[in-house]
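J.: Below is the structure I would like to discuss, written out as structure tokens.
The values are calculated or read from the model by the stated rules, or taken from the named source; none is laboratory data. As the structure is a computational prediction, the values presented were derived from the model and not from experiment. Every residue, glycine as well, gets a Cβ built from its backbone with ideal geometry; the counts of neighbours run over all protein chains shown.
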Amino acid sequence: MLALGTLVSVGGVGMWVRSAGWLDHGGYGLGWFVEPAPRESLWRFVAGRVFVTSNSGVLLLGVSRYTSYSSDRAGLSQWETYGGWEGSSMQGVHLRADRVVAWRWGSLTDWQAGGLGLIEQSRQGEDAQIVSLPWSMVIGAGGVPAAWVAWRRRRRARRLVAGQCLRCGYALGPADEQRMRRCSECGRAETAKLPSDPATK
Ligand SMILES: [Zn+2]
């Protein structure tokens, strides 16, 4: 938890800084042909994509779907090689103008507020649903638990050295006297043991 939180937090700071000048994009595509049903005449190719974009201080997580139509399968041949991983990085590009706005309300599934939001997008036949997260929030989500764990560890180490109850911090006196004594403040039975204490080895 500490390691993962720290990784998310430190990585998030790096990506946050990078997102000011770069647009990083990656995704995975999956597509399939749909034969016309009886009484229908059109073949379809359904192209789906899961993607991640980092830019302008936000992380966008999205899924999109695009359907292409043709009277025969051959007319969809340009899609034969569709799918798999793709990624790109561009410098000096900013989403803010068209995708990231400070405040916008469309519906419950389409709104934005300060980088946070749900975005429904229809562009040139492609429908996308996007979750927008500010990098600051991602950093906080990793950093707060990591800082909490680190602070608890430090407090425990400090109390061990100071001969205080590990639960409530009550001063219990020298380590050799306190071993297995019950804390008179909170009732914790096994109190501080110093690392040098033979009983712990
Ligand atoms: Zn106590």
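J.: Filter the stretch 37-59 down to the residues that are under 30 Å from Gln112 (Cβ atoms) and either touching a Ser or Thr at 6+ places or on another chain (Cβ under 6 Å) or not in a strand (DSSP E or B) (or both) and list them by number. Give the derivation first.
T.: Keep residues of the stretch 37-59 that are under 30 Å from Gln112 (Cβ atoms), which gives 46-59.
Val46, Arg49, Ser54, Asn55, Ser56, Gly57, Val58 - these are the residues of the stretch 37-59 that are under 30 Å from Gln112 (Cβ atoms) and either touching a Ser or Thr at 6+ places or on another chain (Cβ under 6 Å) or not in a strand (DSSP E or B) (or both).
J.: Out of the stretch 150-162, which residues are away from the ligand (no atom under 12 Å from the Cβ) and under 16 Å from Arg188 (Cα atoms)? Can you show your working first?
T.: Residues of the stretch 150-162 away from the ligand (no atom under 12 Å from the Cβ): 150-158, 160-162.
If the condition is that a residue be away from the ligand (no atom under 12 Å from the Cβ) and under 16 Å from Arg188 (Cα atoms), then Arg156, Leu160 are the ones that fit.
J.: Is it the case, given these coordinates, that Ala146 is at pLDDT below 75 and either away from the ligand (no atom under 13 Å from the Cβ) or assigned by TED's automatic domain parsing to the domain that holds Gly117 (or both)?
T.: On the way: at pLDDT below 75: no; either away from the ligand (no atom under 13 Å from the Cβ) or assigned by TED's automatic domain parsing to the domain that holds Gly117 (or both): yes.
Answer is no for this residue.
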